[in-house]
Amino acid sequence: MTIETLFSSPDFKKMVLEMEITNIAEKPLDFFEKASSQMISDLLDKSKKAETRLAELTPQLSDHIRGGEESDGILTAKDEELFREIVTCNSEQNLSIEYAKVLSEMKVVYLFKTVEIIIKSLIHTAYLETGTKKFYIWKNMENYFNNIGIKISNLDGYTELTELRELNNNIKHSERINDDIENFYNRIKPKIQNFVKSLGKAIIEDLDEKI
């Protein structure tokens, strides 16, 4: 068999297609996580240090500032200096926590967006004639797979993917957000990876039956 014959054979094309699908389905999902995790850790550490410093500063204020009975209503120069540092520490503590929370939320949004991109890429690779413009509506994509015989709700990780999709929508559209996003993310991420891999395998099995 010549190289040209090999490359044009159905078995070779099928093998290459399966390799492409597997490669897409096994792409790591943690690119943004790697970029943001150290930043989140640094911000939480910064907030903790500010909290500790606040606890050290407050007892140093004059007695009348701290609510003592003998108040003359006059701020000392030391009080003013302490107040400036207290205000700085207070804002640093609060803002650092908020910045860390935003990064955690972005990890959730990035993870779901990555899953959407991978699923659409799998469809483009395996089912060339299928358009994906309407798949920004999750139900449309789920119905598509159901119609070709792949029930994605049975795949490992589907439940966690549904949780991820709901939290992603809440982050973008409402105030109802899980306060413990980091634990949520760490819990569901391995299952999300399982889902994508399982979908890749299901697509290969579907193609095997049709080719």
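The values are calculated or read from the model by the stated rules, or taken from the named source; none is laboratory data. None of these values were measured; they are calculated from a predicted model. Positions of Cβ are backbone-derived with ideal geometry, glycine not excepted, and every protein chain shown enters the neighbour counts.
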Q. Can you name every residue in region 113-131 that is small (G, A, S) and out of contact with any Leu (no Cβ under 7 Å at 6 or more places or on another chain)?
A. S121, G131
Q. Is there any pair linking a residue in region 53-82 that is under 25 Å from Q93 (Cα atoms) to one that is modelled with pLDDT of 80 or more and charged (D, E, K, R), with Cβ under 7 Å and at least six apart or on different chains, and which?
A. L57/E85
Q) Is there a residue being within 26 Å of G200 (Cβ to Cβ), of a type in the set (A, V, I, L, M, F, W, C), modelled with pLDDT of 90 or more and buried (at least 16 other Cβ atoms within 10 Å of the Cβ) anywhere in region 154-162? A) yes
Q: Would you please list the contacts, defined by Cβ atoms under 8 Å and residues six or more apart or on different chains, that run from a residue in region 12-23 that is under 15 Å from I119 (Cα atoms) to a residue that is among the polar types (S, T, N, Q) and surrounded by 14 or more Cβ atoms within 10 Å (Cβ to Cβ)?
A: E20/T125; I21/T125
Q. Can you name the number of the only condition in (1) crowded, with 16+ Cβ neighbours inside 10 Å; (2) in contact (Cβ under 8 Å) with a residue 40 or more places away in the chain that Y144 fails?
A. (2)
Q: Run down F32, F83 and say which single residue is among the aromatic types (F, W, Y), buried (at least 16 other Cβ atoms within 10 Å of the Cβ) and at pLDDT 80 or above.
A: F32
Q) Only one residue in I123, I171, I188 is among the β-branched types (V, I, T) and over 17 Å from the mean Cα position of the chain (by Cα). Which one? A) I123
Q: Would you check if there is a residue in region 128-137 being part of a helix (DSSP H, G or I), over 21 Å from the mean Cα position of the chain (by Cα) and not β-branched (V, I, T)?
A: yes
